[in-house]
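Peer 1: Okay, handing you the structure first.
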Amino acid sequence: MHTSSAIRKIFEGVASRCEMHHMFHRHRGAPAMADGDAGDLFAGEWFEVAERDYEYMLDIRPPLFMRDDMFALSEYMTGSATSVFFALSIDGCTRWFHGYCDLSDRGSPNRMKAAIIDRETRPVRAMTREERLEHIWSSTHEDYRGYAGERWPSAMRGKRTVLVYCGSCGTVLKPLDDLTDDEISAKLPVQLRHLPQPVAA
């Protein structure tokens, strides 16, 4: 199952308002959501938004807290995880981001801020395999992705699946983590297909 709470980028580029709201619900249908234990699904996820959407979310209702470069929504997504919006100076320009932080850990917003800055100040635009998979999950319509159910082997149940084209057999559901490089490339937008993998430090 997908239960990592590590800080991770889940969408490449600036999300539109429609894409932003789509990503707010990107775990709809996850078994953990039904069990009421979905904090790890959300905590640590982040993506870039437009300034107008940062301001729009700030105006929805009074924030839970507000600092010079961030504010948190007062409505929790699940458990102690809530949306935190950041306005960060990166390479001399202000950019805006949304992330889910588990506020039971008071240091989580500052760690996310540091991780976003570190990720977005790399000299070469690149995407890891994990970022490519997360982008595919974030941008695929719910009709074409889901979670392995009872028809799958027990070890696979609950894992994320997506529809892929399989030549002679048409389209089939396949575990997201098992996509080949060619399948990943085919499901990414053209402008993202040839981005390099980051060079290991």
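Peer 1: Tell me whether the stretch 96-146 comes out rounded, prolate or oblate; compute the Cα gyration tensor, take square roots of the eigenvalues as a ≥ b ≥ c, and use a/c under 1.5 as the rounded threshold.
Peer 2: oblate
Peer 1: Can you pull the percent of the stretch 138-201's accessible area that's carbon plus sulfur, 1.4 Å probe, other chains left in place?
Peer 2: 52 percent
Peer 1: Leaving out ligands and nucleic acids, and using a 1.4 Å probe, what accessible area per residue does the chain come to in Å²?
Peer 2: 54 Å²
Peer 1: Can you give me the angle between helix 129-139 and the longest principal axis of the chain, using Cα atoms only, in degrees from 0 to 90, rounded to the nearest 10?
Peer 2: Relative to the chain, helix 129-139 is tipped by roughly 90 degrees.
Peer 1: For the stretch 1-112, count the residues as N, evaluate 2.2 N^0.38 Å, and divide the Cα radius of gyration by that value, please.
Peer 2: 1.02
Peer 1: Cross-link partners among lysines for Lys174, C-alpha distance below 24 Å, same-chain residues fewer than 8 apart left out?
Peer 2: Lys9, Lys159, Lys187
Peer 1: DSSP loop (so not H, G, I, E, B), at most 16 other Cβ within 10 Å: list which trypsin sites (Lys or Arg not before Pro) in the stretch 83-130 pass both filters.
Peer 2: Passing both the DSSP loop test and the Cβ count: Arg106, Arg125.
Peer 1: Sort largest first and round to whole Å: the equivalent ellipsoid semi-axes of the stretch 56-141, each the square root of five times a Cα gyration tensor eigenvalue.
Peer 2: Each semi-axis is the square root of five times an eigenvalue, giving 23, 17, 13 Å.
Peer 1: In the stretch 103-201, what GluC sites (Glu not before Pro) fall in a loop by DSSP, with at most 12 other Cβ atoms inside 10 Å?
Peer 2: Glu150
Peer 1: Now for a different question. Let me have the 222 nm mean residue ellipticity of the chain computed from DSSP H runs of 4+ only, each contributing -39500 (n - 2.57), with the sum over all residues rounded to the nearest 500.
Peer 2: The helix contribution divided over the chain gives -8000 deg cm²/dmol.
Peer 1: Hey, another quick one. State, as an integer percentage, the relative contact order of the chain based on alpha-carbon contacts under 8 Å between residues 6 or more apart.
Peer 2: 20 percent
Peer 1: Students sometimes get this wrong: rank Ser80, Ser89 by accessible area, probe 1.4 Å, all chains present, largest first.
Peer 2: Final ranking, largest accessible area leading: Ser89, Ser80.
Peer 1: Also: Give a quick list of trypsin sites (Lys or Arg not before Pro) in the stretch 147-180 that DSSP marks as loop, anything other than H, G, I, E or B, with at most 13 other Cβ atoms within 10 Å.
Peer 2: Passing sites in the stretch 147-180 are Arg151.
Peer 1: Here's something else I'd like to know. Can you work out the Karplus-derived ³J(HN,Hα) for every residue in the stretch 183-190? Use 6.51 cos²θ - 1.76 cosθ + 1.60 with θ = phi - 60°, whole Hz, and x for glycine or proline.
Peer 2: 5, 4, 4, 5, 8, 8, x, 3
Peer 1: Same structure, new question: Once the Cα atoms of helix 51-60 and of the chain are each reduced to a long axis, what angle between those two axes, in degrees from 0 to 90 to the nearest 10, is obtained?
Peer 2: 70 degrees
Peer 1: Mind pulling the angle between the C-alpha long axis of helix 108-120 and the longest principal axis of the chain? Nearest 10 degrees, somewhere in 0 to 90.
Peer 2: Taking Cα atoms only, the helix is inclined about 70 degrees.
Peer 1: Give me P(r) over the chain, computed from all C-alpha to C-alpha distances, binned every 5 Å, as integer percentages.
Peer 2: Result returned by the calculation: 1, 7, 15, 19, 20, 16, 12, 7, 3, 1, 0, 0.
Peer 1: Further question: Take the solvent-accessible surface of the protein heavy atoms, probe 1.4 Å, and return the percent of it on the stretch 16-135 that carbon and sulfur atoms account for.
Peer 2: For the stretch 16-135, the apolar C and S fraction of the accessible surface comes to 50 percent.
The values are calculated or read from the model by the stated rules, or taken from the named source; none is laboratory data. The structure displayed is predicted, hence computed values, not measured ones. No Cβ is skipped: glycine too gets one built from the backbone with ideal geometry, and neighbour counts run over all protein chains shown. Surface areas here come from the heavy atoms of the whole protein model, side chains and all, with no ligands, DNA or RNA. Shrake-Rupley method; radii C 1.70, N 1.55, O 1.52, S 1.80 Å.
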